[in-house]
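What follows is a short report on a single structure.
The values are calculated or read from the model by the stated rules, or taken from the named source; none is laboratory data. Keep in mind that what you see is a predicted model, and the values were worked out from it rather than measured. Note that each Cβ is placed from the backbone with ideal geometry, even for glycine, and that neighbours are counted across all protein chains shown. Just the protein is used for accessible areas: all its heavy atoms, side chains included, with ligands, DNA and RNA removed. Shrake-Rupley method; radii C 1.70, N 1.55, O 1.52, S 1.80 Å.
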Amino acid sequence: MTLENLRNQRVGILGFGQEGQAIFKYLGKNQIKATILDITPLADWGAEAQSLAGDAPIKPELITGADYLNELQSFKVLFRSPGIPRLSPEILAAEENGTIITSQTKWFFEHCPAPIIGVTGTKGKGTTCSLINEILLAANKSSYLTGNIGKIQPLDFLDRLTQADLVVYELSSFQLQDLTQSPHIGICLMVTSDHLDHHKSLGEYHQAKSAITKFQSAADMAIFNADYPTSLQIGRLGHGKKYAISKMADSAVPEIKAIISGESIQIGETTIDCSARKLRGAHNLENIAAAAMAGLKLGVEPALIEQIANDFAGLEHRLQFVAKINDVSYYNDSISTVPETTIAALNSFEEPVHLILGGYDKGLPYHQLVADLTGRTNVASIALIGEVGNKLQKLFADIEAPFPVYGPIENFAEAFHHIAKIAKPGDIVMLSPAAASFGMFKNYADRGHQFVELVTELQK
Ligand code: UMA
């Protein structure tokens, strides 16, 4: 489909979030009128969305509120946002009636002149994409990072791209679901179950992910984690060359080209030594292996890949290495707003960890977290903050925690200094609060930035 096919046709944008707004700008720039359809009533839109639609030279038609899907059959083309289920009855009925259902991702794939490195998986997509992008930029390649990771929308730079560029695209199952093209390099990390609230079944979720490789030709490449049955199955689809990754040296999977062993990744004759890596967690070695494989296939020198893989500090606020001061390492894991993510963060360390825990109380249960923390040998101390801090303090008191628990402390800086002061060389100080930021901070990013600022001040 071309822009010409859209002229003088009824074109709808389903959902006016990040993606819908990017499509609206793109269509407007190309003088194409659009109708915006969104469940959220206009009065509840954010200021940016309101002024984008309100001040546009080509005024959009607006269909908002609960009945926004009623008229779908009157559209020639609909651009769907990822958050709107592809298989909803109204969308299927419109499609049956001849409406073309597309999306920002589908349009981009159809029109992008540059090779796309697409990354999907249940966890680790954002980290792997960011690392690949860093590797490519370090090798002086022109690389764009986009997709589910947010920030920069692909339609904002589509017109600038040439064959000489590279696009690293994080692909969620919602974005992959109706693609009819696969990326030039399709990377399938670990796939387990997730988003079952949105997809009807595990089968639909796995099916959605399969577009990462299914349409590849012999000129394309599939990189996948052979240790997960579904990833192996997806990796084997399509005609791309196969480059599987495994932690099992004795695996019988013939497509395996990279073996993770200890802190090393062996790819043929090449060894990538990750023993100096800042990105913590065993799972991250799998992500580094996928990124290293992609880098090698795109012609980056192994020594440079090794250097970037070791220097990469991770995504902001997600187990992000901040600094090492007097041999104490500081990590910002402000994105952790539930107990499970704090447990996952702690699993990444063997060193003693001093933890800032607590925040706004969403009514989550914390017994499991307390049991987990007290059962560990590497929790050195805990500083509690916020309402959840009160709750945790009682739970820790009941079971006589085997480590010092401070607080709850009202002041975030005071909580930080408390544990930073007692941390010994070789220890970790981490913000991984297992609670929402509401009340004490603007949002989780603000909480993370305040933590980073406190670490920076300590360095002076
Ligand atoms: N809306 C409806 N009907 C619905 C659902 C939403 O009208 O049934 C409207 C909402 O009122 C809102 C708009 O649609 O105005 C939001 O659209 P959206 O939910 O698709 O969100 P976007 O802002 O366009 O963000 C999307 C991704 N969101 C989802 O997949 C849910 C973002 O991923 C992504 O960063 C962005 O596009 C850029 O590509 C978020 C996410 O949670 C971060 N992704 C999941 C994940 O990472 O696990 C897949």
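Highest mean packing first, where packing is the average number of other Cβ atoms within 10 Å per residue, the peptides 123-129, 171-177 line up as 171-177, 123-129. Annotation: extensible slack from THR162 through ALA413 equals 85.5 nm (criterion: 0.36 nm per residue apart, minus Cα-Cα distance). Charge dipole (Cα centre; +1 on Lys/Arg Cβ, -1 on Asp/Glu Cβ; no other charges) of the stretch 345-416 amounts to roughly 140 debye. On a per residue basis, the chain carries 43 Å² of accessible surface, using protein heavy atoms and a 1.4 Å probe. Need one number: % antiparallel among DSSP beta bridges in the chain, to the nearest 5. Given both bridge residues lie in the chain, the antiparallel proportion sits at roughly 20 percent.
For the residue pairs LYS76/LYS209; LYS242/LYS297; LYS106/LYS141; LYS125/LYS151; LYS242/LYS278; LYS125/LYS247, alpha carbon separations beyond 21 Å are given by LYS76/LYS209; LYS106/LYS141; LYS242/LYS278. For the chain, the dipole from Cβ point charges (+1 on Lys and Arg, -1 on Asp and Glu) about the Cα centre works out to 700 debye, to the nearest 20. Among the trypsin sites (Lys or Arg not before Pro) in the stretch 1-58, those located in a DSSP loop and surrounded by at most 16 other Cβ atoms within 10 Å of their own Cβ are ARG7, ARG10. Once the C-beta distance of HIS111 and ILE58 is scaled by a Förster radius of 22 Å, the resulting FRET efficiency is 0.60 to the nearest 0.05. At R0 = 30 Å, how high is the FRET efficiency between LYS247 and GLU316 if r is their beta carbon distance? Nearest 0.05 is fine. It comes out at approximately 0.60.
Hull volume per residue, based on the alpha-carbon atoms of the stretch 317-429 and their convex hull, is 91 Å³. Counting heavy atoms of the protein chains alone, ILE100 has an accessible area of about 70 Å² for a 1.4 Å probe.
Shown here for the stretch 386-452: GluC sites (Glu not before Pro) in loop regions (DSSP other than H, G, I, E, B) with at most 14 other Cβ atoms within 10 Å, namely GLU400, GLU410. Sorting 416-426, 223-233 by average packing, meaning the other beta carbons within 10 Å per residue, from highest down gives 223-233, 416-426. Adding -39500 (n - 2.57) for every DSSP H run of four residues or longer, then dividing by how many residues the chain holds, sets the calculated 222 nm ellipticity at -10000 deg cm²/dmol. For the stretch 23-128, the relative contact order comes to 22 percent (Cα pairs under 8 Å, sequence separation of at least 6). On the chain, 51 percent of the accessible area sits on carbon and sulfur atoms, based on a 1.4 Å probe. Membrane-span-like helices in the chain, defined purely by DSSP H runs whose alpha carbon atoms cover 27 Å or more axially and whose average Kyte-Doolittle hydropathy reaches 0.0, do not occur. Measuring r between the beta carbons of GLN233 and ASP372 and using R0 = 35 Å, the FRET efficiency lands at 0.60. With a cut-off of 19 Å on the backbone N, the residues of the stretch 109-135 near the modelled label site 7 Å out from ALA219 along Cα-Cβ are 109-118.
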